[in-house]
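The values are calculated or read from the model by the stated rules, or taken from the named source; none is laboratory data. Since this is a predicted model, take the numbers as computed values, not measurements. Glycine gets a Cβ as well: all are built from the backbone with ideal geometry, and neighbour counts include every protein chain shown. Keep in mind that these areas ignore ligands, DNA and RNA; they rest on the heavy atoms of the full protein, side chains included. Shrake-Rupley method; radii C 1.70, N 1.55, O 1.52, S 1.80 Å.
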Amino acid sequence: MGKVLEKEGLHNFILSLQKHGLLIAPVTTDMTRFKVLEAGDKVELNNNPFFPLKKYFLPNEEPVLKIKNGLTKEPKLKEPKKIIFGARLCDINGLAILDKLYLDQRFVDETYKKRRENTTVIGLNCLNPPSENCFCGSMGLQKEGYDLLFHERELDYYIDVLTKKGAKLVKHLRSEEFDFPLPKTDKKLDPKDLWPFMADKFWEKDNDLCVSCQRCTILCPTCFCFDLHDDVNPATKSGDRLRTIDSCHSPDFTQVAGGHVFRAKRLQRYRHRVMHKLQFFKDKFDRSMCTGCGRCIDYCHSKIDFVKTINEDFK
Amino acid sequence: MNNPFKKEEKIKPKVAIHSITGCAGCQLVIYFIKDKLLELLGEIDLVAAPMIKGKNDEGPYDLCFVEGLVASEEDLEHLKKWREQSKVLVAWGTCATHGNVPGIKIFMDEKTVEAAVYKNRTGLKKGLKPLTPTPIEEHVKVDFSISGCPPEEIEFLRLVKHLLLQMNPVIYNEPVCVECTKREIKCLLEDGKECLGPLIRGGCDALCPGVNHGCTGCHGPLESVNIPQVMKLLEANGISEKLVKQRLQKYAGLKFEKLGVKLK
């Protein structure tokens with residue numbers, strides 16, 4: 001069961017969300033970014049933000065352990081409640097994929113879990129793909145991961161309600177039953193088993209263009225790999241164990257004790273990223289890790305299009 | 001390498017901060033750390049720091065930071081002496097690690113450059129006889145290299161803390177693009193401007209791109225870079241090959257030559 005909001009009511013609805021927590025939405029300046037909404041900011045409804053939604057759940061750097069006088073304890077998360085409006089289904093499905101890893105029954109990540117509980121995610125369905133490189137239409141996105149999702153219709157917004165947390169925010173609105181359509185894209189990735197192409201020469205074509213800048217992994221809504229560093233003051237024996245976002249494009253990523261680097265060549269690292277997204281994760285979790293947001297193509301310095309390569313060259 | 005800072009020793013490690021030819025800016029970074037440096041001073045014995053101390057001891061040192069590059073016979077003598085006296089020697093700053101601006105001389109006629117400064121070379125003290133300017137690792141073994149013009153204070157603190165805690169020091173080794181993207185800065189390269197970000201070691205938190213100025217490469221290049229492709233991207237942005245090569249010469253010409261770029 002969903003809800004309906006008249007179009008002219010959208011602006012006031014968004015502002016009313018501020019009562020319930022820190023309101024975050026996409027805002028366009030020199031480019032579109034998720035940010036805390038301030039007076040004068042206009043919510044961007046057309047572009048997908050530069051940095052994906054994951055930044056509110058997996059920050060670039062955070063302590064996983066507090067060290068005081070040589071003793072360790074888990075850090076307490078002190079963050080206000082957040083409401084994020086205007087996330088796209090690709091980013092939201094990205095969260096659902098991260099949930100599989102961080103909320104796995106055996107190894108629950110407490111900070112991630114608290115952030116998930118503490119945050120209300122309100123999605124915005126794409127009628128037209130925000131970028132020509134969007135290919136989510138071929139990635140099997142599902143209606144999951146959000147609390148509410150807005151779908152624009154001719155006269156009003158249909159609001160899909162998934163959770164109690166979301167339902168509270170729209171309980172005053174009129175109810176309706178409607179099966180909203182998932183986004184469609186012109187660009188599509190052909191579903192292929194990539195294992196037979198591991199040694200294909202076409203990896204080299206794309207790899208020659210790769211400058212190892214790591215933007216594709218940093219901006220990916222599902223890339224979660226991290227590194228751990230200790231920042232401890234030797235005088236006071238106090239400090240933090242920090243988790244920082246890492247990238248498989250870095251040669252240091254596969255360095256082990258003793259100094260050996262497993263993927264020393266750029267080709268191995270480039271191929272690993274694509275294979276992990278489209279094949280390794282699928283083998284394990286029965287679902288592609290890629291949600292087709294297209295950021296890794298949009299923001300690649302060399303505009304490497306692995307979708308095109310896989311579709312056209314891997315035969 | 002083995003960490004020479006033995007835990008059981010009650011004696012504080014002896015640290016030296018020395019300088020050869022350079023602008024002294026890299027040393028200043030260390031002294032400007034102030035409060036956090038004072039915390040560390042309780043854990044180390046700063047036996048030699050000629051810039052801020054009157055009495056400076058000769059080695060042996062447990063840890064010696066060397067700023068600047070070898071540009072005279074006197075520099076080379078000092079450097080060799082400090083190497084012999086030090087358990088751990090750190091090349092501190094881009095002059096020490098890559099040659100930096102003084103190293104541009106290599107790509108010019110050295111005699112002409114010298115003549116512009118020393119009209120009458122016969123009057124020079126013997127030790128000041130100019131040598132071809134070279135980073136210190138061309139002459140002695142360097143245990144850790146931290147580049148930057150100047151390097152960041154956090155890199156000094158991290159290295160000293162890691163050594164004091166018997167850890168294997170971690171030196172930041174990712175391109176400028178990493179911190180730039182994490183800070184959500186609009187890409188200058190994508191905007192058709194000049195930026196060396198993908199080639200250059202970060203650690204600066206994308207200082208220059210953050211104020212809308214392309215990276216000029218003051219930290220020098222990473223080992224694993226795709227230089228031909230970055231040069232193509234810059235050329236596509238209307239930056240001539242000649243200008244790009246001048247940029248590469250500015251801070252780390254020698255290193256870029258070793259990575260396969262013809263600069264001479």
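What to note about this one:
- Rounded to 5, the percent of DSSP beta bridges in the protein assembly as shown classed as antiparallel: 60
- Area accessible to solvent at A:GLU312, 1.4 Å probe radius, in Å²: 90
- Computing FRET efficiency as 1/(1 + (r/R0)^6) for A:VAL261 and A:THR163, where r is the C-beta to C-beta distance and R0 is 56 Å, gives about 0.80.
- Accessible heavy-atom area order of B:ILE146, B:ILE154, highest first, probe of 1.4 Å: B:ILE154, B:ILE146
- Cα lying deepest toward the dipole's positive end in the protein assembly as shown, options A:PRO191, B:CYS218, A:PHE314, charges on Cβ: B:CYS218
- Computed over the stretch A:1-160, the range of Cα coordinates on each principal axis works out to 61, 38, 36 Å, biggest value leading.
- Ordered by solvent-accessible area of protein heavy atoms (1.4 Å probe), largest first, the residues A:PHE178, A:PHE262 come out as A:PHE262, A:PHE178.
- Annotation for the stretch B:21-51 versus the stretch B:224-264: alpha-carbon center distance of 34 Å.
- Per chain B, cysteines lacking a partner by the 4.7 Å Cβ criterion: B:CYS23, B:CYS26, B:CYS64, B:CYS95, B:CYS180, B:CYS187, B:CYS195, B:CYS204, B:CYS208, B:CYS215
- Estimated 222 nm signal from helices in chain B, with DSSP H stretches of n ≥ 4 weighted -39500 (n - 2.57), rounded to 500: -10000 deg cm²/dmol
- The apolar share of the surface of the stretch A:238-315, taken as the fraction of accessible area on carbon and sulfur atoms (1.4 Å probe, ligands and nucleic acids excluded), comes to 50 percent.
- DSSP-defined beta bridges in the stretch B:14-164 - what % are antiparallel, rounded to 5: 15
- All aspartates and glutamates inside 15 Å of B:LYS80 as judged from Cα atoms, apart from same-chain residues fewer than 8 positions distant: B:GLU58, B:GLU67, B:GLU137, B:GLU138, B:ASP143
- The heavy atoms of B:SER72 offer some 10 square angstrom of accessible surface to a 1.4 angstrom probe.
- Shape category assigned to chain B from the gyration tensor of Cα positions, a/c cut at 1.5: oblate
- Three-way shape label, the stretch A:161-315, alpha-carbon gyration tensor, a/c 1.5: oblate
- DSSP beta bridges in the stretch A:2-312 [antiparallel fraction, %, rounded to 5]: 75
- Once A binds B, the 1.4 Å probe can no longer reach about 2800 Å² of accessible area, counting both sides.
- Global form of the stretch A:2-312, assessed from the alpha-carbon gyration tensor, a/c cut-off 1.5: oblate
- Of the listed residues A:VAL256, B:VAL230, the order by accessible area with a 1.4 Å probe, largest first, is A:VAL256, B:VAL230.
- Taking a span of 15 Å or more along the helix axis (Cα atoms) and a mean Kyte-Doolittle hydropathy of at least 0.0 as the rule, the DSSP H helices of chain B that qualify are B:153-164.
- Over chain A, relative contact order from alpha-carbon pairs under 8 Å, at least 6 apart, %: 22
- Magnitude of the charge dipole, chain A, Cβ model with Lys/Arg +1 and Asp/Glu -1, debye to 20: 860
- Relative contact order of chain B, taken over Cα pairs closer than 8 Å and 6 or more residues apart, is 18 percent.
- Equivalent-ellipsoid semi-axes for the stretch A:1-65 (Cα gyration tensor, √(5λ), whole Å, largest first): 25, 16, 12.
- Reduction of at least 50 Å² in accessible surface, 1.4 Å probe, comparing all protein chains with the chain by itself, residues of the stretch B:178-210: B:THR181, B:LYS182, B:GLU184, B:LYS186, B:GLU190
- Heavy-atom accessible area for A:ASP193, with the other protein chains in place and a 1.4 Å probe, reaches approximately 80 Å².
- Overall dimensions of the protein assembly as shown, expressed as equivalent-ellipsoid semi-axes from the Cα gyration tensor (√(5λ), whole Å, largest first), are 50, 28, 22.
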